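Below is one structure; the comments refer to it alone.
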Amino acid sequence: MLALAACIPMAQAADGLQLSGTARVRYESFSGQPRPAFKDGDQWISLRTTLMAQQDLGPLKFVGELYDSRVYLADQRSALTTNDVNALELTQAYVAADLGAVLGKDSDLAVQAGRFTLNVGSRRLVAADDFRNTTNAVTGLKSDFKFGGGYTGNVYYTLPQLRLPDTLPALLDNDIRWDRESSAAVLSGATLTSPRRFAGGALEGALVVFREYDAPGRPTRDRDLRTIDLRYFRDAKPGTLDWEFEAATQTGHVRASTAALAARKAVDAGFVHARLGYQWNTRGKPRLGVEYDWVSGEGRGLQSQRFDTLFGMRRGDFAPSGLYNLVGRANISSPGLRFEMAPDARLDLMATVRGLWLASHTDAFSTIGIRDATGRAGDHAGTQFDTRVRYWLVPKKLRLEVNSVLLAKGRFLQEAPNARNNGDARFVAVSLQTSF
């Protein structure tokens, strides 16, 4: 696939057919792994190649996209999952129709059907992840709309694609198996976003519904979740304050485990995200922001209080996925500072520092399964320092990206019963990506 992406220039596309694609190679190194099931230190090389074809026929558009995601140098004790490997997959294959102003003056309505990637609102609940080596995709129907007053939104009914293969030996071999979807898992919802009319900010509301049931050979927790999300935001702009305040509440039912006779528990969970920043109107447009994230964790009561982020991304708020993959949207209380700057059109920089605490002392920290059911290990997981540098070696064609993370472990990650006391965690990822 790397060779394929390199040798199909845009000029060779048939009349009316547009071809585009990317090829990325990334080296990742990680030491100080806190999870005992995996190697203390590890490294791998991930490759991701995409090829997209689009054919416009007036109001109709046909789109197909191949993803080829592979990992090399991993072994039986590597933290390898379907988030990293999905070889030669037709991730997108859909038809879209632009229906124009059928909803009134200055409105627009577009619909699409088939396989496609899906981003919803802030992407904290549903996202087509880009940093991760594989992406999320669905099969179904989606409608995007705009009203004359500037309100926009979407409605969707989809079946999430189950990435395959999903066994470690097959992942290590980069086996090719077609992803599948099933009516046993349904993701649906709607989003409505206002124009910037409220003190310079926009309001957004979303409903996300996810239901899953056991299927042959695939036991589940029978999640039946409804998440209501409200967001008030203003994007960064030189010389002004920017902000984002988002809160979600999640209700429904979930089984305590995938066992057929596991207890069914009512869900009462949620999260809050808040940020406030300022971007200076000077060279490089430096921006400094303060952030806070709180995500509920499991308590001692009869209800399930651990928030389920569904298909949301983590890199935008927390830290890289891939081999690191330690901090996600679950059982966390985390204040932080973020600095961003783009000295010129080719270079951009980002640095964050975050304190990491558990929202619930007795639940597993974030998404890594380390837990002290007694709560005696405390609630301080550590302090995370995260940096990213991106530079266009060839503008719009070839980009270098370097990510580095230092997690200075706190008392919890040193004393919890199933944590390794093996020093601070260090992660580096260096990638090159070409686009055509």
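Values in this text are rule-based calculations from the coordinates and carry no lab data. It should be emphasised that the depicted structure is a prediction, and the values quoted were computed from it without experimental measurement. For neighbour counting, all protein chains shown are included, and Cβ atoms are generated from backbone atoms with ideal geometry for every residue, glycine included.
Going by the conditions given, is ALA202 at negative phi, touching a Pro at 6+ places or on another chain (Cβ under 8 Å) and surrounded by 14 or more Cβ atoms within 10 Å (Cβ to Cβ)?
Yes, satisfied.
Specify the residue that is farthest from ASN119 (Cα to Cα); the eligible residues are those in the stretch 197-216 that are part of a strand (DSSP E or B) and among the aromatic types (Phe, Trp, Tyr).
Only one residue fits best here, namely PHE198.
Restricting to the stretch 155-182, what's the tally of residues that are crowded, with 17+ Cβ neighbours inside 10 Å and more than 14 Å from VAL85 (Cβ to Cβ)?
Residues flagged as crowded, with 17+ Cβ neighbours inside 10 Å and more than 14 Å from VAL85 (Cβ to Cβ) within the stretch 155-182 amount to 6.
Exactly one of these conditions fails for LYS285: (1) part of a strand (DSSP E or B); (2) among the charged types (D, E, K, R); (3) over 19 Å from the mean Cα position of the chain (by Cα). Give me its number.
(1)
What residue, among those in the stretch 139-171 that are among the β-branched types (Val, Ile, Thr) and without any contact (Cβ under 8 Å) to a residue 40 or more places away in the chain, is farthest from LEU103 (Cα to Cα)?
THR167
Against the definition (surrounded by fewer than 17 Cβ atoms within 10 Å (Cβ to Cβ) and in contact (Cβ under 8 Å) with a residue 40 or more places away in the chain), how does GLY336 come out, yes or no?
No: the conditions fail for GLY336.
Restricting to strands (runs of 3 or more DSSP E) lying wholly in the stretch 51-160: which have 3 or more residues that are charged (D, E, K, R) and more than 21 Å from SER435 (Cβ to Cβ)?
Because the criterion is at least 3 residues that are charged (D, E, K, R) and more than 21 Å from SER435 (Cβ to Cβ), the strands (runs of 3 or more DSSP E) in the stretch 51-160 that meet it are 138-146.
For the stretch 321-366, which positions are within 17 Å of ALA381 (Cα to Cα), part of a loop (DSSP other than H, G, I, E, B) and in contact with a Phe, Trp or Tyr (Cβ under 7 Å, 6 or more places away or on another chain)?
Selection gives TYR324, VAL327, GLY328, ARG329, ALA330, ASN331, LEU358, ALA359, PHE365.
Among the residues in the stretch 306-326, are any in contact with a helix residue (DSSP H, G or I) (Cβ under 8 Å, 6 or more places away or on another chain) and among the aromatic types (Phe, Trp, Tyr)?
Within the stretch 306-326, none of the residues are in contact with a helix residue (DSSP H, G or I) (Cβ under 8 Å, 6 or more places away or on another chain) and among the aromatic types (Phe, Trp, Tyr).
Quick one: in the stretch 23-44, which of the residues that are out of contact with any Phe, Trp or Tyr (no Cβ under 8 Å at 6 or more places or on another chain) and closer than 10 Å to SER78 by Cα is surrounded by the most Cβ atoms within 10 Å (Cβ to Cβ)?
Residue satisfying both the conditions and the ranking: PHE38.
Pick out the one residue from ASP56, ASP68, ASP42, ASP98 that is within 16 Å of ALA170 (Cα to Cα), in contact (Cβ under 8 Å) with a residue 12 or more places away in the chain and acidic (Asp, Glu).
It is ASP68.
Residues checked against (1) under 24 Å from VAL428 (Cα atoms); (2) among the β-branched types (Val, Ile, Thr):
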| position | (1), (2) |
| --- | --- |
| GLU28 | yes, no |
| GLY32 | yes, no |
| ILE45 | yes, yes |
| VAL63 | no, yes |
| SER78 | yes, no |
| GLU89 | no, no |
